[in-house]
Every structure is written in C-alpha cells, then in structure tokens.
Amino acid sequence: MKCNDTIAAISTPPGEGGIAVVRMSGTSSLSIIRKVFRGKNPIQKNSKGQVYHGWIVEKDEPIDEVVLTLFHSPHSYTGEDVIEVSCHGGLFISRRILEVLIQYGARPAEPGEFTQRAFFNGKMDLTQAEAVADLIRAKTESARRVAIYELEGHLSGRLQKIREDLIKICSLLEVELDFGEEDIMFVSRKEIKHLLIKTRGELQHFVDSYRRGKVCREGIRMVIAGRPNVGKSSLLNGLVERERAIVTEIPGTTRDTVEDVLDIEGFLFTVTDTAGIRETQDPIEREGVRRTEKVLDISDLVLLVFDGSESLNREDEMIVRRVKEMRKPVIVLINKIDLKQQINIHKLKKWFPDEEVLRISALKKEHVSRLVQTLKGTAISGGIPHEGEVLITRARHKNCILHAIELIKKAEASLRKSMSQEFIVMDIRGALDVLGEMIGKTVTDDILNQIFSDFCVGK
Ligand SMILES: Nc1nc2c(ncn2[C@@H]2O[C@H](COP(=O)(O)OP(=O)(O)OP(=O)(O)O)[C@@H](O)[C@H]2O)c(=O)[nH]1
Ligand SMILES: [Mg+2]
C-alpha cells in the first residue's frame, strides 16, 4: 500500500444536486490546489482547518466557483492533508474538477482508499473502518445504531481491554519461563484460570450477539411461498401498501421473483414474492420455480401461504415437504378467509405443530397488520440497540472470536493438565493474534483488499 501519492475522487453520489464534493488527500494536496485555485485569500498551512471561497481554474479558464475546506495533517479524516472542493452539484462539473486535480498530480482514488489511509495512519482500527461502510449503507435506525456504536469505538475498546488482559497473563508466564529451572510462579494458576474463563465469557457474549447484530445490520430476508394462486402477490402488495406485483386470477401469474423492502420499527425486512411452486411444462414458469428455490435457500424466514377457500392438495404437500427440509423459521398463513372455508386446519396444524398460524385476507387487507405484529415480535427480539450497546454484525468478526475462544479453551486445558508454560503461552498468543486480525493489528493484504474493495469510491 503506497501512501506517498495524492489521491482524489468525487465523494458525492453521481447525479444532480445543490453541491458536489471532490475530495483530495496526500502530501501534495496543498501544492496541487494552489496551482488550480484563485481566491481573494492565499492558501496557507498554518492552522487546523480553513475555508476558502474562489474559483477552480484551468490555465486561467474558470471551471467553477467553489468553496474549499482544508484539513491539515494530522487533523483530518485520513490523517494527511485533505482538501474538499465543494462545487456546483452537476456530474459534469465535478468530473471536470477531478480531471483538473489529476492533471496537476493527483491520482484517482480506489474504492475506500480514503478510509484505508485513515486506517493505516492510525485514525481508526479495522472494525471502525468497516463501520464506516455500514453507516453509509444503513437503511434503518437499527442498522445506523450498530454502525455508529462500532464507529465510536465501543467494540474496539472492549476488544482492546480483553487483549490487555491476555497480554498480562502472557507476560507473567513468560517471566516465569525466563527463570527456567527455578520453578518460580509469578502468578497463581488459579488467577490465570479465572482470567481465562472471564475472557472466554466476554468473547462468547459477542458471539451470542451475532444473530441480533446481523439482523440489525442486514435486516431479515423473508420469502412468500406457496402454490399458484393462493394470494402471495396480493400479500406482498398488502405488506408494502402498493400495487408492487401483478395480481390476476390466473394461476402462474408471477414468473419472476419480485422484491421490496419494509421498515418495521426501525428494522429492515426484505420481502420477496415468488412464482408458485408446482410441476409445469412451461419453460418460463419452470425458470420461475427454479428462482423461487434459490430465494428460499437464502431467506431467513418463510411466509408460507395456503388458500383457505380450497382443500389442501398434492401441490401444497410438496411445498410443505420442501420448506420443512430447509429447517427455517416459518409463519403459516391461511389466506382468503373472506371466502367460504374448505381448508383442513387439523391437517395443517399437524404439519406445523410449533409454528404460528395466522388467518388473513390479503384482498380485503384483513389481519395483515397482525402479521406485521408477529414479524415484529418473532424477528426483532431485543429491539433496536440501546446507547453504546455492542453487537457484532459481521461473519468475519464472529469467526475471529470463535477462533480465539477455541485457543483459550486449549490454554485452559493445558493449565488443567499442569503442562509447561510454553503451551499455555502459545495458545494465548494465538488468541491475541486472531483478535489482532479482527481489529487490524495483524492482518493480511488479502483481507484488507476484500474489506476496502467493498467501499464506494470517494470514501
Ligand atoms: N377473495 C379473496 N381473493 C383473494 C385473496 N387474496 C388473493 N385473492 C385472489 O386470488 C387470485 C390470485 O391472487 P395472487 O395474489 O395473484 O396469487 P399468487 O399466489 O401470487 O398467484 P401466482 O402468482 O399465480 O402464484 C386473485 O384473483 C386475487 O384477487 C383474498 O384474501 N380473498
Ligand atoms: Mg403471484
């Protein structure tokens, strides 16, 4: 990673708006901007931050009237000299300004490169850098909160404390090792055991928070499934309160998957309407059924719809078998309760003895709100994170922590068997390494590339 050049990018989204911001960071930021900026006041490097009004020019040709905000190293986002050019918010004008900066020595920034520099310059650790991306992507209050608490350093702070405890144990044991044969104990084995159990408990607490954290960050993927014509698309429309999917009385209306999102009490629900599952010769419908299967595989929750006005048939049975095989949470919905009921409820309850069964009319919008209540209750246990609450939200973090727990368990086992200090130290050092990887103290280029390539350009 080279940090000795100066990077620039448009930081605002493409499109038209009041202003656009072109950002530049690096050692040559000031010299580049001096060549292309004409204002009343000369640009100086003498205080923490300044704002200048003037023009970006290209060989005396005015390009745009702008406001510059200067952040001098190290008091900036990246830790380097950063200049933000606020120009008129058109795509063409911001591109022209970027071109001028590049012409005078800046290089186009890679995705996430500003944040990567902030990480390399010690402005934030890796979990905080990841939180920046999460905050930008947040679509709901719950997603915003987990990201902001992580960005504020609550997770890093707790991990740092755990690492300090482990380092303390290691150094005491290593001093003992230095004394070699003298058999001196600087720390009681009971105390080490106690510290290891405490640390493992704290780490386990993070692992346990993952499910809820993931729901806060990514929301819940739910899929509406059922045989053709039971009212799946009508239910989607009822949930999102608009005519999102086509509804007709012809079985096999929905061919492709149709996705929309719902914000329920600050949580994101992605809901996908699917083609009714059935055996069919129609190639388009067959492709639809294949897509339904794919969506079922990646969903967290299945809304399984039955037509209350008809008897259960072979197609229903086939879908029930398929859904049960997946072992995913299911909410059973009996639709069309406004019509005369034919469905065999006993049979249905036998199939789903533990699942919630709700009776609705998607057409008349009856009891759809009850479904929303149920979603609220089943999926969002724990609610929106409260002030400063730390939840882990990424599989990467969970895997690092699980690995650290395994190594601590090994150290505990060595301790129980009164094995030599070397073995205990080796595993604790291993745990420190994986926790270091999580916050970016010891991390490979591959992991870094993977994390930062996920960012947008200009951040
Ligand atoms: N009476 C009544 N009719 C309903 C209800 N829900 C849906 N329908 C009707 O049932 C028919 C099928 O509805 P859709 O929502 O298209 O059913 P679907 O499950 O999406 O059907 P496919 O896309 O073909 O799999 C339409 O004529 C709807 O108006 C309901 O609650 N009551
Ligand atoms: Mg449909």
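Placing unit charges on each Cβ (+1 for Lys and Arg, -1 for Asp and Glu) gives segment 7-124 a dipole about its Cα centre, and among P74, T115, P14 the Cα reaching farthest toward its positive end belongs to P74.
Backbone geometry of segment 222-234 corresponds, through the Karplus equation with coefficients 6.51, -1.76 and 1.60 at θ = phi - 60°, to 3J(HN,Hα) couplings of 10, 10, 9, 10, x, 6, x, 6, 7, x, 5, 5, 4 Hz, x marking Gly and Pro. The amide H of I220, built 1.01 Å from its N in the peptide plane, has L268, F269, T270 as neighbours under 5 Å, considering only residues 5 or more places off or on other chains.
Hey, which aspartates and glutamates would be in cross-link range of K324, C-alpha to C-alpha under 15 Å, not counting anything within fewer than 8 residues on its own chain? Once the sequence-local aspartates and glutamates are set aside, what remains near K324 is E293, D297, D300, E315, D316, D354, E355, E356. Using alpha-carbon positions, what is the distance between the centroids of segment 275-298 and segment 311-356, in Å? Rounded to whole Å, the Cα centres lie 19 Å apart. Ellipticity at 222 nm from helices only: DSSP H runs of n ≥ 4 in the chain, each -39500 (n - 2.57), divided by the residue count, give -15000 deg cm²/dmol. Counted residue by residue at 0.36 nm each, then reduced by the alpha carbon distance between them, the extension gain from D165 to L402 reaches 83.5 nm.
Most simply put, the chain has about 65% antiparallel DSSP beta bridges, counting only bridges with both residues inside it.
Residue separation of D208 and R429 scaled by 0.36 nm, minus their Cα-Cα distance, works out to 77.2 nm of gained length.
From the square roots a ≥ b ≥ c of the eigenvalues of the alpha-carbon gyration tensor of the chain, which class results: rounded (a/c under 1.5), prolate (a/b over b/c), or oblate?
oblate
Along the charge dipole of the chain, which of S209, M419, L155 sits closest to the positive end, that is, farthest toward it, with unit charges on the beta carbon of Lys, Arg, Asp and Glu (+1, +1, -1, -1)? Going by the Cα projections, it comes out as S209. If you take the square roots of the eigenvalues of the alpha-carbon gyration tensor of segment 5-97 and sort them as a ≥ b ≥ c, do you get rounded (a/c under 1.5), prolate (a/b over b/c) or oblate? Because a/c hits 1.5 or more and a/b fails to exceed b/c, segment 5-97 counts as oblate.
Sketch the reach of a paramagnetic label on E65 as a point 7 Å from Cα along Cα-to-Cβ, and name the residues of segment 74-101 whose backbone nitrogen lies under 12 Å away. Only 88 fall inside the zone, counting backbone N under 12 Å. Cα centroid separation, segment 130-181 to segment 38-71: 40 Å. Taking every alpha-carbon pair under 8 Å whose residues sit at least 6 apart, the chain reaches a relative contact order of 17 percent. Close amide H pairs (under 5 Å, H built 1.01 Å from N) link I19 with G89, residues at least 5 positions away or on another chain. When the charge dipole of the chain is built from unit charges on Cβ atoms (+1 for Lys and Arg, -1 for Asp and Glu) and taken about the Cα centre, the candidate among G54, A106, Q128 whose Cα reaches farthest toward its positive end is Q128. The alpha carbon gyration tensor of segment 223-379 gives principal lengths a ≥ b ≥ c with a/c below 1.5, which makes the shape rounded.
Rounded to the nearest 0.05, the FRET efficiency derived from the C-beta distance between V57 and D5 at R0 = 30 Å is 0.80. Each residue of segment 19-36 was assigned a 3J(HN,Hα) from its phi angle through the Karplus expression (A = 6.51, B = -1.76, C = 1.60, θ = phi - 60°), giving 9, 10, 10, 10, 10, 9, 9, x, 5, 9, 3, 5, 5, 5, 5, 4, 6, 10 Hz with x at Gly and Pro. Beta-bridge orientation, segment 223-379: approximately 35 percent antiparallel, per DSSP, counting only bridges with both partners inside. Per-residue Karplus couplings for segment 276-286, computed as 6.51 cos²θ - 1.76 cosθ + 1.60 with θ equal to phi - 60°, are listed in order as x, 6, 6, 7, 8, 8, 5, x, 5, 5, 4 Hz, Gly and Pro entered as x. If you plug the beta carbon distance of K441 and H194 into 1/(1 + (r/R0)^6) with R0 = 25 Å, you get a FRET efficiency near 0.45.
Since every read-out is calculated from the coordinates, none of them should be taken as a lab result. Model, not experiment: these values are computed from the prediction. Quick reminder, even Gly has a Cβ in these numbers, built from the backbone with ideal geometry, and neighbours come from all protein chains shown.
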